[in-house]
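Below: one structure, written as structure tokens.
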Amino acid sequence: QVQLVESGGGLVQAGGSLRLSCAASGRFFTAYAMGWFRQAPGKEREFVAAINWSGVKYADSVKGRFIISRDVAKNTAYLQMNSLKPEDTAVYYCAQGRTRDKFDSWGQGTQVTVSS
């Protein structure tokens, strides 16, 4: 059974930083891509970043500010978020899947709030 548990969300002022973590279990970690998505109130869930053995990809809105990484020894993915903006406020979800474009397992989400 796949389990993804996010942590690290919270309230931060604009310009600040947060690091989200996603602890994964239930599947061979390195064989799968890890991704981060977010959903703001009244909006659809959107892609933020993804990582697998072949590299990383980012949404244009976060390029240069967010960094996705993973620690295979800890079965954990991270999202380092820098230069945060109020428009980054959302529930952030961790995801796992076969490729960086297809995800089939999701975490419960963690709230990130950026105040102006």
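The values are calculated or read from the model by the stated rules, or taken from the named source; none is laboratory data. Remember, it's a predicted structure, so these values are computed and weren't measured experimentally. Note that we place each Cβ from the backbone using ideal geometry, even for glycine, and neighbour counts take in every protein chain shown. The protein model used for the area step is the full one, side chains on, heavy atoms only, and it has no ligands, DNA or RNA in it. Shrake-Rupley method; radii C 1.70, N 1.55, O 1.52, S 1.80 Å.
Just to be sure I follow the definition: excluding the sites themselves, where is the longest run in the chain that has none of the chymotrypsin sites (Phe, Trp or Tyr not before Pro) in a DSSP loop with at most 11 other Cβ atoms within 10 Å? Counting at most 11 other Cβ atoms within 10 Å as exposed, the longest clean stretch of the chain is 54-116. For the stretch 35-97, lysine pairs separated by 8 or more sequence positions, or belonging to different chains, with Cα-Cα distances below 21 Å total 4.
Rolling a 1.4 angstrom probe over the protein heavy atoms with all chains in place gives the stretch 1-110 an accessible area of 52 Å² per residue. Near Asn75, once Lys and Arg are set to +1 and Asp and Glu to -1 for all other residues with Cβ below 14 Å from its Cβ, the sum equals +1. Counting protein heavy atoms only, the stretch 1-62 has 51 percent of its accessible area on carbon and sulfur, 1.4 angstrom probe.
Taking every alpha-carbon pair under 8 Å whose residues sit at least 6 apart, the chain reaches a relative contact order of 36 percent.
For the stretch 74-90 versus the stretch 11-52, the inter-centroid distance based on Cα atoms is 7 Å. Free of any trypsin sites (Lys or Arg not before Pro) that DSSP assigns to a loop and that have at most 11 other C-beta atoms within 10 Å, the longest stretch within the chain is 64-116.
A simple rule links phi to the HN-Hα coupling: the Karplus curve 6.51 cos²θ - 1.76 cosθ + 1.60 with θ = phi - 60°, which for the stretch 51-63 gives 8, 8, 5, 8, x, 10, 9, 9, 6, 4, 5, 10, 4 Hz, with x for Gly and Pro.
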